[in-house]
Amino acid sequence: MANSTGKAPPDERRKGLAFLDELRQFHHSRGSPFKKIPAVGGKELDLHGLYTRVTTLGGFAKVSEKNQWGEIVEEFNFPRSCSNAAFALKQYYLRYLEKYEKVHHFGEDDDEVPPGNPKPQLPIGAIPSSYNYQQHSVSERAVAIL
């Protein structure tokens with residue numbers, strides 16, 4: 001985050017910019033690019049700081065489960081007038097960072113199919129290449145009940 005002067009040290013700023021570049025590439029590859037950094041309370045959101053803090057606490061699911069968004073808000077020094085900051089942080093994390101976290105922090109597969117390569121689906125009325133004969137099997141017990 002920022003120091004007492006309100007500005008990040010040069011090394012932290014460099015890390016933050018590198019993180020943003022990687023995050024933009026990630027979103028671009030998924031067909032969900034973003035051009036503008038979100039703002040909370042009129043202040044540009046430090047996505048790198050938010051990602052680092054949430055992953056330190058165990059990730060989005062744990063932070064949400066323990067309802068720690070209010071604690072995280074305090075670290076960002078948003079104006080007191082910004083009463084919905086915790087909600088905004090959670091929503092921005094979901095929008096910009098949650099999928100990135102799953103892939104880069106937890107090593108999960110990126111299950112979304114990129115645009116232009118939709119999952120193959122049979123057209124309506126098409127005949128499947130295999131048939132489930134088991135759907136017609138009725139157990140003796142079921143017959144006795146009828």
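Filter segment 6-35 down to the residues that are at pLDDT below 90 and closer than 21 Å to VAL73 by Cβ and list them by number. GLY6, LYS7, ALA8, GLU12, GLY16, listed by residue number. The residue pairs whose first member lies in segment 95-106 and is part of a helix (DSSP H, G or I) and surrounded by fewer than 19 Cβ atoms within 10 Å (Cβ to Cβ), whose second member is at pLDDT 95 or above and among the hydrophobic types (A, V, I, L, M, F, W, C), and whose beta carbons are closer than 7 Å, counting only pairs six or more residues apart or on different chains, are GLU98/PHE60; GLU101/PHE60.
The values are calculated or read from the model by the stated rules, or taken from the named source; none is laboratory data. Note that this is a predicted model, so its numbers are computed, not measured. Methodologically, a virtual Cβ is constructed for each residue, glycine included, from the backbone with ideal geometry; neighbour enumeration extends over all protein chains shown.
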